[in-house]
Amino acid sequence: MSVPYETAAYESPDSPESPEEHLARLLGRALNSFELPDETLRRLDCALAHDGSLHSAHHSAGLHRETYRHTWLLADGSALTLWELVHNTAPGAEPQHEVYVDEEELRTATSRLPFPPDAPDFELPVTVQLSAPPALRQVYVPDRSADHGRRLLRRAENADRPGAETAALLATARAHRITQAFGRPSRAGRPGQCFSLYEHAFLLGDGAELSLWEVEHTVTPDGRHMCEVYVSEDAARDAMERRAAQVS
């Protein structure tokens, strides 16, 4: 029996796709992704690496069915697996995708498909080798990065801004990236006041990575823009909350 499954839709072990992108693509094509438990999705927020592999396949009289195992390595060292079922409902029909949290749910869904009960599957080993996390989780741009770091610290007005030790590290920066951060909103202040949060990620001369978090806001007596810089996202978001509380 041949297994003419389409491999192009699934990433190779050398794929640059991040764990977050892999999950988003899986959920985006699955018809039942809304049924996944919230706890499962929360755990996947801390994924460090991922891998996907074909688990089994069957093709008969124009009908096809494949199951894929998608595994993520989490920050606590554990692994989490989702099972994807890909099938068509009639010869020549477009494939449909479903996703399940365990093999029992997968088997139940598979049993509902119109395949002969005695049709054997093409089974593949289920052991998955997790891809190592990429050495760099950011895409950096070499653009006068050390100077960018100096200017970032110079415009910071908060008293607890990073000090001389951080400045010395930034002096070795050879590339950087700026990304606006979203997520937990701060409490609203007066109309016309705004907050923005940016991550400034630097690639240092020794290959290490360093991120600083910049808060821009207009919670000032004259409404001017003010810049504050912190060494962690949590510290930056806490500062946003404090500023918003001053005027709420």
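Data overview
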{"quantity": "Strands (runs of 3 or more DSSP E) within the stretch 164-227 that include 2 or more residues farther than 18 Å from R144 by Cα and at pLDDT 85 or above", "calculated": "195-203, 209-217"}
{"quantity": "Search result, residues across the stretch 34-52 that are buried (at least 16 other Cβ atoms within 10 Å of the Cβ) and either among the small types (G, A, S) or within 16 Å of the chain's Cα centre (by Cα) (or both)", "calculated": "R43, L44, A47, L48, A49, H50, D51, G52"}
{"quantity": "Residue count, the stretch 29-68 (criterion: within 21 Å of P114 (Cβ to Cβ) and of a type in the set (F, W, Y))", "calculated": "1"}
{"quantity": "T67 out of contact with any Phe, Trp or Tyr (no Cβ under 7 Å at 6 or more places or on another chain), crowded, with 16+ Cβ neighbours inside 10 Å and assigned to a strand (DSSP E or B)", "calculated": "no"}
{"quantity": "The stretch 45-58 residues that are part of a strand (DSSP E or B), paired with ones that are at pLDDT below 85 and small (G, A, S) (beta carbon under 7 Å, 6 or more apart)", "calculated": "L48/A75; A49/S131; A49/A132; H50/S131; D51/S131; H58/A119"}
{"quantity": "Pairs with Cβ under 6 Å, 6+ apart, first in the stretch 80-99 and closer than 11 Å to P114 by Cβ and outside the structural domain of L48 (by TED's automatic domain parsing), second acidic (D, E) and part of a loop (DSSP other than H, G, I, E, B)", "calculated": "none"}
{"quantity": "Meets criteria (at pLDDT 75 or above, of a type in the set (D, E, K, R) and within 30 Å of G77 (Cβ to Cβ)) for R144", "calculated": "no"}
{"quantity": "Residue in the stretch 220-231 that is within 20 Å of the chain's Cα centre (by Cα) and exposed (fewer than 15 other Cβ atoms within 10 Å of the Cβ) present", "calculated": "no"}
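The values are calculated or read from the model by the stated rules, or taken from the named source; none is laboratory data. All values derive from a computational prediction rather than experimental measurement. Cβ sites come from the backbone with ideal geometry, for glycine too, and all protein chains shown count toward neighbours.
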